[in-house]
Amino acid sequence: MRYLSTKGEHATDLVGAVMQGLAPSLDPASLAADTIPDIATELLAPFFSGCALADALAPICSDALNFPIPLRRLEGRDGAIAVLELFHGPTAAFKDVGARFLAAVMQRALPLLDPADARPLTILVATSGDTGGAVAAAFHERPGFQVGVLFPKGQVSPRQRHQLTCWGGNIRAFEVDGSFDQCQAMVKGAFADPEMRQRHRLGAANSINIGRLLPQLVYHAAASLWHWRERGEPANFIVPTGNLGNAMACVWARAIGMPIGRIILATNANRTIPEFLATGDWQPRPSVQTLASAMDVGNPSNMERLRHLFPDFADLRHAVEAYPVEDAEIRQQIGQDYARYGDIWCPHTATGLRAYEQLPAASRRDESWIVAATAHPAKFDNIVEEIIGARVPVPPALAELLKLPTYAEAVDAELGALRSAMVDW
Ligand SMILES: *Cc1c(COP(=O)(O)O)cnc(C)c1O
């Protein structure tokens with residue numbers, strides 16, 4: 001398969017028919033697979049066809065997608081609603097799916113790159129919290145790779161910080177005295193910097209990396225298939241949204257023929273997307289801090305992909321809906337669902353549940369809904385415990401990580417500081 005850049009005409013041999021709306025439309029009834037790795041292998045095959053890793057796809061999928069992703073029905077509510085629990089991976093957020101897949105692909109692709117270059121591939125990644133931990137976990141102790149994680153000081157939750165700084169070995173954590181946007185600018189700067197490019201063999205793992213986005217379509221597809229096999233009808237999806245990567249993958253899953261109905265993007269107070277859908281006016285802006293910090297994005301970069309898939313605004317507006325959720329509503333949702341049902345949500349997942357609650361009663365009653373549960377609440381214990389007045393049980397994998405010592409290197413928010421910090425790498 002050939003891939004098109006949304007930035008221009010050039011096609012490469014590795015993602016685009018889907019983005020062009022040209023992907024082969026699959027008939028769900030023709031799919032035999034039922035487990036996540038098997039569904040991944042079947043669905044992603046066209047994207048790997050003709051590339052050097054085509055035969056490695058099955059082992060890549062079983063390596064990368066080696067943790068459960070259950071679809072859990074919520075009982076006792078008005079209508080048919082389920083949550084897709086994406087948080088059972090090593091760092092307890094959905095980012096593990098993309099990061100593990102990317103690492104499994106890169107490990108097999110590395111020997112195919114310039115064999116004369118014996119240097120490790122240095123992956124630089126800027127994170128607002130969850131991405132960095134997932135990428136660090138995925139590449140930790142993989143021979144041939146080293147990872148530099150840049151995160152904004154004071155702007156990640158204490159447990160997220162732990163997951164960014166507990167690895168050692170081939171992982172380094174740079175605690176940047178600045179914002180996430182500045183971290184991102186530093187990573188971009190490093191790729192453009194001749195001195196750094198000469199010294200290091202640099203690789204990227206940011207959220208627009210297709211190697212991270214592609215596997216995300218698998219769990220939306222799997223959930224829609226499971227639902228459809230059980231009930232014979234498509235499910236609607238609600239996806240907590242920041243940079244639009246997770247929701248974009250859901251749109252792709254529908255575009256290749258999966259039984260997915262409406263797609264609602266639940267955002268926090270960063271309203272760039274809902275306002276765009278309401279007005280047609282694309283107004284990116286600096287992000288504001290909210291309780292759902294992993295969704296604090298004012299300029300969602302994957303919007304370019306959505307607009308490329310739906311060049312006509314009327315079509316785009318038909319394809320997705322959006323609902324913004326304020327911090328007060330996030331709190332209310334977390335408190336209320338704990339009190340009523342004993343369910344504990346992370347602040348991101350709570351935006352999705354809130355978007356569900358505001359639906360007209362008839363939609364909740366007559367349509368089936370799946371909400372993507374993007375992180376485990378124990379990652380955000382500092383927010384959630386105060387709201388529910390109880391402790392959040394810590395999953396075993398997270399408990400193990402929390403026992404490890406941590407180390408971060410303080411870095412000023414400018415490229416020169418990163419360049420000097422990386423001199424000895
Ligand atoms: C990254 C993240 C999001 C937002 O996902 P996007 O792909 O950026 O839209 C939502 N929730 C959690 C927990 C995240 O880590």
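The values are calculated or read from the model by the stated rules, or taken from the named source; none is laboratory data. Owing to the predicted nature of the structure, the values given are computational and were not obtained by experimental measurement. Counting neighbours? That spans all protein chains shown, and the Cβs are built from the backbone with ideal geometry, glycine included.
Go through (1) farther than 22 Å from Gln160 by Cβ; (2) of a type outside the set (A, V, I, L, M); (3) at pLDDT 95 or above for Arg365 and report which single condition fails.
Among (1) farther than 22 Å from Gln160 by Cβ; (2) of a type outside the set (A, V, I, L, M); (3) at pLDDT 95 or above, the lone unmet condition for Arg365 is (3).
Would you pick out the residues in the range 92-130 that are surrounded by fewer than 21 Cβ atoms within 10 Å (Cβ to Cβ) and either within 16 Å of the ligand (Cβ to nearest atom) or of a type in the set (Asp, Glu) (or both)?
Result: Asp114, Asp117.
Just one of the numbered conditions (1) over 30 Å from Val251 (Cβ atoms); (2) surrounded by 18 or more Cβ atoms within 10 Å (Cβ to Cβ); (3) of a type in the set (A, V, I, L, M, F, W, C) is not true of Ala192; which one?
Ala192 satisfies all of (1) over 30 Å from Val251 (Cβ atoms); (2) surrounded by 18 or more Cβ atoms within 10 Å (Cβ to Cβ); (3) of a type in the set (A, V, I, L, M, F, W, C) except (2).
Out of the range 33-57, which residues are within 18 Å of Leu112 (Cβ to Cβ) and of a type in the set (Gly, Ala, Ser)?
Correct list: Ser49, Gly50, Ala52, Ala54, Ala56.
Going through the range 94-122 one residue at a time, which ones are among the β-branched types (Val, Ile, Thr) and at pLDDT 95 or above?
Val97, Thr122
Quick one: is Ala397 surrounded by 11 or more Cβ atoms within 10 Å (Cβ to Cβ), at pLDDT below 95, among the small types (Gly, Ala, Ser) and farther than 20 Å from Val149 by Cα?
So Ala397 passes the test.
Taking the residues in the range 224-239 that are part of a helix (DSSP H, G or I) and touching a strand residue (DSSP E or B) at 6+ places or on another chain (Cβ under 6 Å) as candidates, determine which candidate is nearest to the ligand (Cβ to nearest atom).
Among those that are part of a helix (DSSP H, G or I) and touching a strand residue (DSSP E or B) at 6+ places or on another chain (Cβ under 6 Å), it is Ser224.
Among the residues of the range 131-151, which ones are more than 16 Å from the ligand (Cβ to nearest atom), aromatic (Phe, Trp, Tyr) and not in a helix (DSSP H, G or I)?
Result: Phe145, single match.
Could you list, in sequence order, all residues of the range 287-305 that are away from the ligand (no atom under 11 Å from the Cβ) and of a type outside the set (Asp, Glu)?
Ser287, Val288, Gln289, Thr290, Leu291, Gly298, Asn299, Arg305
Quick one: in the range 163-181, of everything that is within 16 Å of the ligand (Cβ to nearest atom) and crowded, with 20+ Cβ neighbours inside 10 Å, which residue is farthest from Leu398 (Cα to Cα)?
The residue in question is Phe180.
For residues that are in a loop (DSSP other than H, G, I, E, B) and either within 16 Å of the ligand (Cβ to nearest atom) or among the small types (Gly, Ala, Ser) (or both), tally how many sit in the range 240-261.
5
Residue check, Glu385 against (1) touching a Lys or Arg at 6+ places or on another chain (Cβ under 7 Å); (2) not in a helix (DSSP H, G or I), all met but one. Which one?
In the conditions (1) touching a Lys or Arg at 6+ places or on another chain (Cβ under 7 Å); (2) not in a helix (DSSP H, G or I), Glu385 misses (2) alone.
Kindly establish whether Ala221 is assigned to a helix (DSSP H, G or I), over 14 Å from the mean Cα position of the chain (by Cα) and surrounded by 21 or more Cβ atoms within 10 Å (Cβ to Cβ).
yes
Take the range 1-53 and flag every residue that is β-branched (Val, Ile, Thr) and modelled with pLDDT under 55.
Thr12, Val15, Val18
Only one of Met258, Met248, Met303 is over 18 Å from the mean Cα position of the chain (by Cα) and at negative phi; which?
Of the residues listed, the single one that is over 18 Å from the mean Cα position of the chain (by Cα) and at negative phi is Met258.
Which of the residues that make up the range 229-254 are surrounded by 21 or more Cβ atoms within 10 Å (Cβ to Cβ) and small (Gly, Ala, Ser)?
Of everything in the range 229-254, those that are surrounded by 21 or more Cβ atoms within 10 Å (Cβ to Cβ) and small (Gly, Ala, Ser) turn out to be Ala235, Gly242, Gly245, Ala247, Ala249, Ala253.
Which residue, of Asp315, Asp327, Asp296, is among the charged types (D, E, K, R) and surrounded by 19 or more Cβ atoms within 10 Å (Cβ to Cβ)?
Answer to the selection: Asp296.
Looking only at the range 347-362, filter to residues that are touching a strand residue (DSSP E or B) at 6+ places or on another chain (Cβ under 9 Å) and among the small types (Gly, Ala, Ser); which one of those is surrounded by the most Cβ atoms within 10 Å (Cβ to Cβ)?
Of everything passing the filter in the range 347-362, Ala350 is surrounded by the most Cβ atoms within 10 Å (Cβ to Cβ).
Regarding Asp337, is this residue more than 16 Å from the ligand (Cβ to nearest atom) and either in contact with an Asp or Glu (Cβ under 7 Å, 6 or more places away or on another chain) or under 12 Å from Leu265 (Cβ atoms) (or both)?
Yes.
Return a yes/no flag: does the range 184-204 have any residue that is within 16 Å of the ligand (Cβ to nearest atom), of a type outside the set (Gly, Ala, Ser) and either in a loop (DSSP other than H, G, I, E, B) or over 12 Å from Gly132 (Cβ atoms) (or both).
no
Which of the residues that make up the range 41-83 are in contact with a strand residue (DSSP E or B) (Cβ under 9 Å, 6 or more places away or on another chain) and either assigned to a loop (DSSP other than H, G, I, E, B) or within 30 Å of Ser363 (Cβ to Cβ) (or both)?
From the range 41-83, those in contact with a strand residue (DSSP E or B) (Cβ under 9 Å, 6 or more places away or on another chain) are 47, 68-74, 79-83; that's our starting set.
Once the filter is applied, which keeps residues that are in contact with a strand residue (DSSP E or B) (Cβ under 9 Å, 6 or more places away or on another chain) and either assigned to a loop (DSSP other than H, G, I, E, B) or within 30 Å of Ser363 (Cβ to Cβ) (or both), the range 41-83 yields Pro68, Ile69, Pro70, Leu71, Arg72, Arg73, Leu74, Gly79, Ala80, Ile81, Ala82, Val83.
For every residue, the table says whether it meets (1) in a helix (DSSP H, G or I); (2) under 25 Å from the mean Cα position of the chain (by Cα); (3) over 27 Å from Phe67 (Cα atoms).
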site	(1), (2), (3)
Ile344	no, yes, no
Ala355	yes, yes, yes
Ile370	no, yes, no
Ala390	no, no, yes
Thr406	no, yes, no
Trp425	no, no, yes
